[in-house]
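K.L.:
I am attaching a structure below and will ask some questions about it afterwards.
Taken together, the values in this text are just the output of simple stated rules run on the coordinates, not laboratory data. Keep in mind that this is a model prediction, so the values were computed, not measured. Here the Cβ positions follow ideal geometry from the backbone for every residue, glycine too, while neighbour counts run over all protein chains shown.
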Amino acid sequence: MTVYSGQILSVNANDDVFKYLVEDKGKIVFVGNELPEQYKNAKVVELGEKVLTPTFCDSHQHFASFSMFNAGLNVMDCESNEQMMEEIKKFVAKSKNKTLLAFGASPYSVKERVLLSREQLDKVCPKKPMMIVKYDGHACIVNSVLLKKLDKKLKPLRGYHPDTGEMNQEAFFVVSDYISNSISVFGLLKQMQQAADFQAKRGIGLIHTVSGVGFPMNLDITFEKIFGKSLQRGLQLRVFSQSLNPKVAKKRHLPRIGGCFECALDGCFGSQDASMNEPYINDKNNSGVLYYSDEKVTNFLKKANRMGLQIEMHAIGDKAFDQATRCMKAALDDFPREDHRHGIIHDCLPTEEGIKICKDYHIQMPVQTAFIGWKQEPDEYLEEILGKERANRLNPLRTFLNNNIMMSAGSDGPCTTPDPIDWIYKACNHSNPKESLTAKEALRICTYNGYWTTFDEKERGSLEVGKIADMVILSKNPYETPVKELNTIKVEQTFLGGVAYQNQKQSVLGMIFRGIFNHHKV
């Protein structure tokens, strides 16, 4: 039994701040301002200037992809392509992998203002197949060795650019599938362990992962389900199958379906294929790409909704957002459900009509506040392609909240590194100040709301009596910290089930055995 004394940010219905919390055998047994006599002899942890909050939830992440990229080379911080080439050269020299992977290239954050080319990549990696994934996860650059291996498959596809080595749209998916299939099951599961530890140390207790990115027979969905069931130390994983076939989820006894890739209705701003109601400012002939017809999307949503699945769909541009809301409305009109918790992911450029549908039909939104003021996709670039008026309407957090829409926060990892403190900071320092949230509102969307999204709010997500003691100690109180200084807050320690988090420690075979026979919720 442990008593925590200090500032307890409960994130309950009233956002109460209490003086005491008592944890016993992994559960919260008391929260309040006057410590009952029965707990006065228990061990006391004095928080001082620090505070206790619920653990965070990453409500949209590509966990298998993040695991792979987290184990590879991250080039997001490179200031120039020249620096990137030097980092790649060092990585190639020390890596023993047969196929090499880097992530985070952006033409908007390097001084040259262009992507690294195939020719430049060949200079530093001439012998092994290599792919550098663009920061948005929707395009990549390949070297000549990899291009030679896949050229016949890539030639007939949209997004094939052999001169520069850039692959996007369907061509990117083929390259991504090849890379996924080049990694062994054992290697991937070990990378998943490392990724889990990485996130738990940042205060994340629950990860919503979207799976289904080209592994044969959707094996990555199976891997993530096994991995989620095998997790030690109390960390939680909830798996969404990225498929337009509801049987993929049902076959694996998953209660939810959706995500990006096959469930994406459009592309993204970085590749200028997010689907728009009006053309891009810098290309009047381009309105992006809407991947599917209304008929196909509606048929899928109706079928999945009637099967009782929870559904989430990717929509970045306003035309895709309109399609998502229109088709979800049709599915729920066809078969009304009281507590479906269907969602639309990203919601970067919503419309008034679509927002009204979300409000009326209780459609929730896993948003990415990390996209606000994003180095890899800066405001200047967004204004250049969208125009000032549309750019000013991106990620309207306050508008969503004013319409009583349930928002949660996610990293879209590996597109951004899972970092809840950054999510809170960005939400409170929106590039359009009218759309900023308060620290209390931001903490809620990063904690309770994420747990609510996958029906976990009765056990976790707030510090209340009877709930599991999943808690984080922060270096200072976000409610009392000036908004411009919120990014100085540190995660001091993560507790899951009342126990300080320690790294995952089990063999791959032990992980598989545990994952097959455990009955943990995923």
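K.L.:
Starting from 0.36 nm per residue, how many nanometres of slack lie between E46 and R337 once their C-alpha separation is accounted for? Display every interim value, and only then the final one.
P.N.:
Values: separation 291, 0.36 × 291 = 104.76 nm, distance 4.63 nm.
Residue separation times 0.36 nm, minus the Cα-Cα distance, leaves 100.1 nm.
K.L.:
Give me the percent of DSSP beta bridges within the chain that run antiparallel, rounded to the nearest 5.
P.N.:
Numbers: 31 of 69 bridges.
Percent antiparallel among DSSP bridges in the chain is about 45.
K.L.:
Scan around K490 for amide H atoms under 5 Å from its own, H built in the peptide plane at 1.01 Å from N, and keep only partners 5 or more places away or cross-chain.
P.N.:
Those lying under 5 Å, H to H, from K490 are S475, K476.
K.L.:
Rounding to the nearest 10 and keeping the result within 0 to 90°, find how far the Cα-based axis of helix 169-181 lies from the longest principal axis of the chain.
P.N.:
Orientation of helix 169-181: about 70 degrees from the principal axis.
K.L.:
I've got another one for you. Please determine, in degrees from 0 to 90 and to the nearest 10, the orientation of helix 318-334 with respect to the longest principal axis defined by the Cα atoms of the chain, where the helix direction is its Cα long axis.
P.N.:
Roughly 60 degrees, rounded to the nearest 10.
K.L.:
Indicate the gyration tensor shape class of region 336-481 (rounded, prolate or oblate), computed on the Cα atoms with a ≥ b ≥ c the square roots of the eigenvalues: a/c under 1.5 is rounded; otherwise a/b larger than b/c is prolate and the rest oblate. Let's see the in-between values first.
P.N.:
Numbers: a/c = 1.99, a/b = 1.25, b/c = 1.59.
Here region 336-481 falls in the oblate category.
K.L.:
For A93 and Y479, FRET efficiency with R0 = 51 Å and r from the beta-carbon atoms, rounded to 0.05? Before the final figure, lay out the partial values.
P.N.:
Numbers: r = 48 Å, r/R0 = 0.94.
Efficiency computed from Cβ-Cβ geometry: 0.60.
K.L.:
Excluding residues on the same chain fewer than 8 positions from K484, give the lysines whose Cα lies under 21 Å from its Cα.
P.N.:
Those lysines meeting the cut-off are K50, K375, K426, K434, K440, K476.
K.L.:
Still on this structure: How many nm separate the modelled label positions at E278 and K27, each set 7 Å beyond the Cα in the direction of the Cβ?
P.N.:
5.7 nm
K.L.:
Could you put I204, I489 in order, starting from the residue whose Cβ has the fewest other Cβ atoms within 10 Å? Present the calculation step by step, with values, prior to reporting the outcome.
P.N.:
Numbers: I204 26, I489 20.
Ordered from fewest to most neighbouring Cβ atoms within 10 Å, I204, I489 come out as I489, I204.
K.L.:
Do the sum for the chain: with -39,500 (n - 2.57) for every DSSP H run of n ≥ 4, divided by all residues, what is the mean residue ellipticity at 222 nm, to the nearest 500 deg cm²/dmol? Walk me through the intermediate numbers first.
P.N.:
Values: 18 runs with 178 residues, N = 522.
When only DSSP H runs of four or more count, the value is -10000 deg cm²/dmol.
K.L.:
Follow-up question, since we're still on this one. Loop-only check: which trypsin sites (Lys or Arg not before Pro) in region 76-120 are DSSP coil with at most 12 other Cβ within 10 angstrom? Please report the intermediate quantities before stating the final value.
P.N.:
Numbers: sites: K89, K90, K94, K96, K98, K111, R113, R118; in loops: K96, K98, K111, R113.
For trypsin sites (Lys or Arg not before Pro) across region 76-120 that sit outside H, G, I, E and B with at most 12 neighbouring Cβ atoms in 10 Å, the list reads K96, K98, K111, R113.
K.L.:
Same structure again: Are there trypsin sites (Lys or Arg not before Pro) in region 200-237 that DSSP puts in a loop and that have at most 15 other Cβ atoms within 10 Å, and which ones?
P.N.:
Numbers: sites: K201, R202, K225, K229, R233; in loops: K201, R202, R233.
The qualifying sites are K201.
K.L.:
Under a crude label model (7 Å from the Cα following the beta-carbon direction), how far is E389 from E37 in nanometres?
P.N.:
7.0 nm
K.L.:
Shifting gears a bit: Which log10 I(q)/I(0) values, to two decimals, does region 66-181 give at q = 0.21 Å⁻¹ under the Debye formula with one point per Cα?
P.N.:
The Debye formula, applied to the Cα set alone, gives -1.18.
K.L.:
Compute the length gained on full extension between K152 and D122: take 0.36 nm times their separation in residues and subtract their Cα-Cα distance, giving the result in nm to one decimal.
P.N.:
Details: separation 30, 0.36 × 30 = 10.80 nm, distance 1.98 nm.
Going from the current span to full extension adds 8.8 nm.
K.L.:
With volume of the Cα convex hull per residue in Å³ in mind, check (i) 146; (ii) 246; (iii) 225 and report the label derived from this structure.
P.N.:
The value computed from this structure is option (i).
K.L.:
Cross-link partners among aspartates and glutamates for K96, C-alpha distance below 17 Å, same-chain residues fewer than 8 apart left out?
P.N.:
Of all the aspartates and glutamates, those that pass the test against K96 - Cα under 17 Å, at least 8 places apart if same chain - are E87.
K.L.:
Could I ask something else about it? Relative to the longest principal axis of the C-alpha atoms of the chain, give the angle of the C-alpha long axis of helix 219-230, reported between 0 and 90° and rounded to the nearest 10°.
P.N.:
Rounded to the nearest ten degrees, it is 20.
K.L.:
Say a site is exposed when it is one of the GluC sites (Glu not before Pro), sits in a DSSP loop, and has at most 14 other Cβ atoms within 10 Å; what is then the longest site-free stretch of the chain? Could you put the intermediate results ahead of the total?
P.N.:
Working: sites that count: E34, E79, E112, E338, E459, E480.
In the chain, the maximal stretch lacking such sites is 113-337.
K.L.:
For region 212-367, give me the percentage of DSSP beta bridges that are antiparallel, rounded to the nearest 5 percent.
P.N.:
Details: 1 of 12 bridges.
In region 212-367, approximately 10 percent of DSSP beta bridges are antiparallel ones.
K.L.:
Determine the gain in length on full extension of the stretch D294-K251; use 0.36 nm per residue of separation and subtract their C-alpha separation, reporting nm with one decimal.
P.N.:
Values: separation 43, 0.36 × 43 = 15.48 nm, distance 2.60 nm.
Residue separation times 0.36 nm, minus the Cα-Cα distance, leaves 12.9 nm.
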